[in-house]
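Undergrad: First, the structure itself, so that you have it in front of you.
No value in this document is a laboratory result; all are computed from the given coordinates. For clarity, every value in this text was computed on a predicted model and none was experimentally measured. Positions of Cβ are generated from backbone atoms using ideal geometry, with glycine treated the same way; all protein chains shown enter the neighbour counts.
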Amino acid sequence: MKLMLGLLAATALAACSKPATDAPAHAAAAAVPPPAGKAWTDVVAATPEGGYRMGNPNAAVQLVEYGSFTCPHCKRFEAEGLPAIKRDYVASGRVSYEFRPFLIHSPDPMATLLVECRGPATFFPLSEQVYAEQDTWLNKLVAVPARVQEGWQRLAPADQMQAMAQAAGLKAFMAARGLPPAQADKCLADPLGPGKLVAVRDHATNDLNVTGTPAFFINGQQVQEVTTWEALQPQLKNAVG
């Protein structure tokens, strides 16, 4: 895993661009009551595809986002779109929302493994907060002197991620939100972790034609040239009926 923070400095605040297809219309999806004592927005599970799904697993409309924690467009979508998706679509049981990580820049594996570390129950609250503080922790990494970055490149992948997490302040950030440092270290040292993330990205790139983030799929069909909630919302509304 080569570090590319110089590239990050030039591109993290630019477009995470990718290659408009309308979502297919269907008969109106009926609301579905959640399990007793729960709201659908609290029902979260890891998926075989390497993502985390919120909501009714049998929802008539399934929305999938491929996103990167270093992507500013993904941050914007998280802030503008996810609250409405949860309130207006997932809560009714008509729509499920799944986030799948898509690696773009060198800090992505580190950030993703930390967000995933405590499992499905905390994935979305932590991802929301990591996105909200994206500028802060990315700027800390960009400010790391080149000689230090060069030293990181001589480290093993797990040690590289440890160094980046420390420099970005994300280990302390996660500790303040209930992730013990020892558990964070274990997640970053997992030899299978980065490979799983690379497999998710490679499947998206090679099999689904995902070329950037955020990328959206509604019921398996990619909604192309859409990166904002403003553009996605009519497509999702059309699919729900």
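Undergrad: Quick one: if you stick a label point 7 Å off each Cα along the C-beta vector at residue 147 and residue 38, how many nm between them?
TA: According to this spin-label approximation, the distance is 5.4 nm.
Undergrad: When ranked by the protection proxy of mean other Cβ atoms within 10 Å per residue, highest first, what sequence do the peptides 147-157, 209-219 form?
TA: Taking the mean over residues of other Cβ atoms within 10 Å, the ranking is 209-219, 147-157.
Undergrad: While we're on this one: Want the number for residue 88 to residue 183: 0.36 nm per residue separation, take away the alpha-carbon distance, what's left?
TA: The residue 88-residue 183 span can extend by a further 30.7 nm.
Undergrad: If you don't mind, there's one more thing I want to ask. Based solely on C-alpha atoms, express the radius of gyration and the Dmax of the stretch 178-227 in angstrom.
TA: Cα radius of gyration and Dmax of the stretch 178-227 are 15.3, 41 Å respectively.
Undergrad: Using the Cα atoms as the points, what is the convex hull volume per residue of the stretch 63-121 in Å³?
TA: 79
Undergrad: Highest mean first, what order results for 185-197, 101-113, 123-135 on Cβ atoms within 10 Å?
TA: Taking the mean over residues of other Cβ atoms within 10 Å, the ranking is 101-113, 123-135, 185-197.
Undergrad: Additional query: What whole-number distance in Å separates the alpha-carbon centres of the stretch 144-170 and the stretch 65-123?
TA: Their Cα centres are 25 Å away from one another.
Undergrad: Using a simple charge model, +1 on the beta-carbon of Lys and Arg, -1 on the beta-carbon of Asp and Glu, nothing else, what dipole does the stretch 67-193 show about its Cα centre, in debye to the nearest 20?
TA: Dipole about the Cα centre, nearest 20: 120 debye.
Undergrad: 222 nm [θ] for the chain, helices only, -39500 (n - 2.57) per DSSP H run of 4+, per residue, to 500?
TA: -14000 deg cm²/dmol, from helical runs alone.
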